[in-house]
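Take a look at the structure below.
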Amino acid sequence: MCAVASLAATTSLGTATAASPGGQPTPQRAAHHQAQDPVLVDCQERPVVRPADFLLACGDGNSRLTSLEWKSWDATAAVARGVNVVNDCKPYCAAGTFRSYAVVVRLDDARSWEEQPDLRQYTRMTLTYTGDRPEGSARAVTYPLWG
C-alpha cells in the first residue's frame, strides 16, 4: 500500500450527514452529501470523512494527527485544526519521545478514487505548524496522498 510520501493514514471513522431543515439528518441528503464531497482514504483503504484522528505513518505509527476539528469539508478542500503527534526517534525510534505540535490540516486536489470510481478522494495534504514544529520540518509541509 502506498503512503503519504512514505507516511500513511489510519483514522477513526466520522460520518458525514446532512441535516434537514428541522435539524435531523435524512438518508437522502446524507447520501447526496457523501457522494458529492471527496473522502480521505485510510491505511486499510477505507473511505472516511471528517476523522477525529488520522495515522500518518501506517508502518510504525511514529506520526499521527489527533483532536481534529474540521472547519470545512467540501468538493474543493477540507480544513481542520488539530495536533500532529510525532516520535522524535532520539536516540532511536523505539526509545524516542512523542511530541505534540499544533497544526492546520488542509486536504485538496480531489480526484476519482481508482478503488471506487464513484467516489472522489483528496489526493494532497498540507500540514501547517502554527507554533513549534518537528526538528528539521518546514513551517508548511505538503504530501501526496495515496489511492
For the stretch 68-92, the count of residues that are touching a helix residue (DSSP H, G or I) at 6+ places or on another chain (Cβ under 8 Å) and either modelled with pLDDT under 95 or under 25 Å from Gln36 (Cα atoms) (or both) equals 1
Residue hits (the stretch 92-115; within 20 Å of Ala77 (Cα to Cα) and among the polar types (S, T, N, Q)) are Ser112
Among (1) among the hydrophobic types (A, V, I, L, M, F, W, C); (2) assigned to a strand (DSSP E or B); (3) under 20 Å from Gly59 (Cβ atoms); (4) without any contact (Cβ under 8 Å) to a residue 40 or more places away in the chain, which single condition is Cys89 missing? (2)
Every listed condition ((1) modelled with pLDDT of 95 or more; (2) assigned to a strand (DSSP E or B)) holds for Arg133 save (2)
Restricting attention to the stretch 97-114, the residues that are in a strand (DSSP E or B), over 19 Å from Ala138 (Cβ atoms) and out of contact with any Ser or Thr (no Cβ under 6 Å at 6 or more places or on another chain) number exactly 3
Arg120 passes all but one of (1) within 19 Å of Val48 (Cβ to Cβ); (2) surrounded by 14 or more Cβ atoms within 10 Å (Cβ to Cβ); (3) without any contact (Cβ under 8 Å) to a residue 40 or more places away in the chain; which number fails? (3)
Look at the stretch 91-147 and say how many of its residues are within 23 Å of Lys71 (Cβ to Cβ) and of a type in the set (A, V, I, L, M, F, W, C). 13
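The values are calculated or read from the model by the stated rules, or taken from the named source; none is laboratory data. Since we're looking at a predicted model, the values are computed, not measured. Don't worry about glycine lacking a Cβ; one is built from the backbone with ideal geometry, like all the others, and counts go over all protein chains shown.
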